[in-house]
1. Name the single residue that is modelled with the highest pLDDT among those in segment 167-182 being of a type in the set (G, A, S) and in contact with a strand residue (DSSP E or B) (Cβ under 8 Å, 6 or more places away or on another chain).
2. State the number of residues belonging to segment 227-249 that are assigned to a helix (DSSP H, G or I), under 19 Å from the mean Cα position of the chain (by Cα) and not acidic (D, E).
3. Out of L149, L164, L187, L156, report the one residue that is in a loop (DSSP other than H, G, I, E, B), of a type in the set (A, V, I, L, M) and either at pLDDT 95 or above or in contact with a Gly (Cβ under 8 Å, 6 or more places away or on another chain) (or both).
4. Any residue that is under 21 Å from D64 (Cα atoms), of a type in the set (A, V, I, L, M, F, W, C) and in contact (Cβ under 8 Å) with a residue 60 or more places away in the chain - is there at least one of those in segment 166-179?
5. State which residue pairs qualify: first residue touching a residue at least 12 places away in the same chain (Cβ under 8 Å) and inside segment 80-95, second residue of a type in the set (F, W, Y) and not in a helix (DSSP H, G or I) in any location, beta carbons under 7 Å apart, and separation of 6 or more residues or different chains.
6. Determine whether A98 is outside any helix (DSSP H, G or I) and either surrounded by fewer than 17 Cβ atoms within 10 Å (Cβ to Cβ) or in contact with a strand residue (DSSP E or B) (Cβ under 9 Å, 6 or more places away or on another chain) (or both).
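The values are calculated or read from the model by the stated rules, or taken from the named source; none is laboratory data. As the structure is a prediction and not an experimental result, all values here were calculated from the model. Cβ placement follows ideal geometry from the backbone for every residue including glycine, while neighbour counts extend to all protein chains displayed.
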Amino acid sequence: MTGYKELRGRIDGGEVIILDGAVGTELQELGVPLGQTAWAGIALHSHPDTVRFMHESYIKAGVDVITTNTYSSARHCFEPLGMGDVTRELNIRAVRLAKEARDRAAKDRPVYIAGSISNFGCRVGDNAGSRVARSGWSAYTEEQCQANLHEQAEILAESGVDFLVSESTGSTMKRKWVVEACLATGLPTWIGFKSNYDEKTDALNVSYDYENPEPFDSGVDDVLPLGGDLVTIFHTIVETVDKSLPIIKEKWSGPIGVYPDADRHDYVQARSDPNFENRTSPDDFLKLARGWVDGGVQVIGGCCGFGLDYIKPLREGLPSHIPNPGK
């Protein structure tokens, strides 16, 4: 935890920390065909050198934190592919690739490694529904999913990540599973919230399998008491980030991070849609990031669709510290 203590000291001093950008869609851009049940996690098996190259590229762009390619690498992601027996190996490999990238590209400054864990692939019983049948997912019990998440968190911790990031996009129940698995390792944990805005009802919701809404504010209330070192809004379109931040600030007095997505709908396809264009340009993204930093957000990065071209300008374009740190 020496590395994280250093990072936390920088955060406590008001420093702005640059997180890497999209992992899955960046691998798509590099020519990696993504899978369905293991999504970008399959690249740990098929394209490990490309995964390492991606990490190196982000480090050279000036980021302070790189995230392991393990968002979709729990046992329940690999088992439908007949690869459950290499779950440990591939998660260990993910951390090793991140470390190798750091050794190669960050010799003159500290770069920290965050281990990503999510509910991706946690299809539970009846809730799995038709999505299981049409996409190749397997249905699991709640106990199996929780055991798999704890297993993955322990592997990442043992492999030497500096801290863990809970990146659940599911229900509050599943977000709790992910946070609890992370915290059980004893490592510092960043808690991520995805937010959706429903124009018809003018309501903010946490995402429950992208179908069944739960109020965002109550979802935050249910999860924050579990613990955590930093809270992020992630995998959320930029317009909704601005609607969600006031709620987080009202309920959480600690440091906050933002890494939104570009509203991509092709991010789970084997190949990216060549006709897709981000609504937000890199210049626009930098302006948004400056606004978030002016409002006290300390960690800035990107999610699906906001890759290297969006992260590069942040190092030089953002202030080094938030206004009035510690207040």
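1. Applying the first criterion (of a type in the set (G, A, S)) to segment 167-182 yields 168, 170-171, 181.
Next, only the ones that are in contact with a strand residue (DSSP E or B) (Cβ under 8 Å, 6 or more places away or on another chain) stay: 168, 171, 181.
Working: S168: 91, S171: 89, A181: 98.
Top of the filtered list is A181.
2. Narrowing segment 227-249 to residues assigned to a helix (DSSP H, G or I): 238-249.
Then drop every residue that is not under 19 Å from the mean Cα position of the chain (by Cα), which leaves 238-242, 244-245, 248.
Subset that is not acidic (D, E): 238, 240-241, 244-245, 248.
Residues that pass the stated criteria total 6.
3. Numbers: L149 fails: in a loop (DSSP other than H, G, I, E, B); L164 fails: in a loop (DSSP other than H, G, I, E, B); L156 fails: in a loop (DSSP other than H, G, I, E, B).
Only one candidate passes the filter, namely L187.
4. Taking segment 166-179 and keeping what is under 21 Å from D64 (Cα atoms), we get 166-167.
Subsequent filtering for residues that are of a type in the set (A, V, I, L, M, F, W, C) retains none.
Within segment 166-179 (the criterion being under 21 Å from D64 (Cα atoms), of a type in the set (A, V, I, L, M, F, W, C) and in contact (Cβ under 8 Å) with a residue 60 or more places away in the chain), the answer is no, since none of the residues qualifies.
5. P80/W137
6. On the way: outside any helix (DSSP H, G or I): no; either surrounded by fewer than 17 Cβ atoms within 10 Å (Cβ to Cβ) or in contact with a strand residue (DSSP E or B) (Cβ under 9 Å, 6 or more places away or on another chain) (or both): yes.
The answer is no for A98.
Rundown of residues vs (1) without any contact (Cβ under 8 Å) to a residue 12 or more places away in the chain; (2) surrounded by fewer than 17 Cβ atoms within 10 Å (Cβ to Cβ); (3) hydrophobic (A, V, I, L, M, F, W, C); (4) farther than 22 Å from Y112 by Cβ, yes/no style:
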{"position": "V220", "(1), (2), (3), (4)": "no, no, yes, yes"}
{"position": "L224", "(1), (2), (3), (4)": "no, no, yes, yes"}
{"position": "V241", "(1), (2), (3), (4)": "no, no, yes, yes"}
{"position": "K251", "(1), (2), (3), (4)": "no, yes, no, yes"}
{"position": "F276", "(1), (2), (3), (4)": "no, yes, yes, yes"}
{"position": "T280", "(1), (2), (3), (4)": "no, no, no, yes"}
{"position": "D284", "(1), (2), (3), (4)": "yes, yes, no, yes"}
{"position": "F306", "(1), (2), (3), (4)": "no, no, yes, no"}
{"position": "P319", "(1), (2), (3), (4)": "no, yes, no, no"}
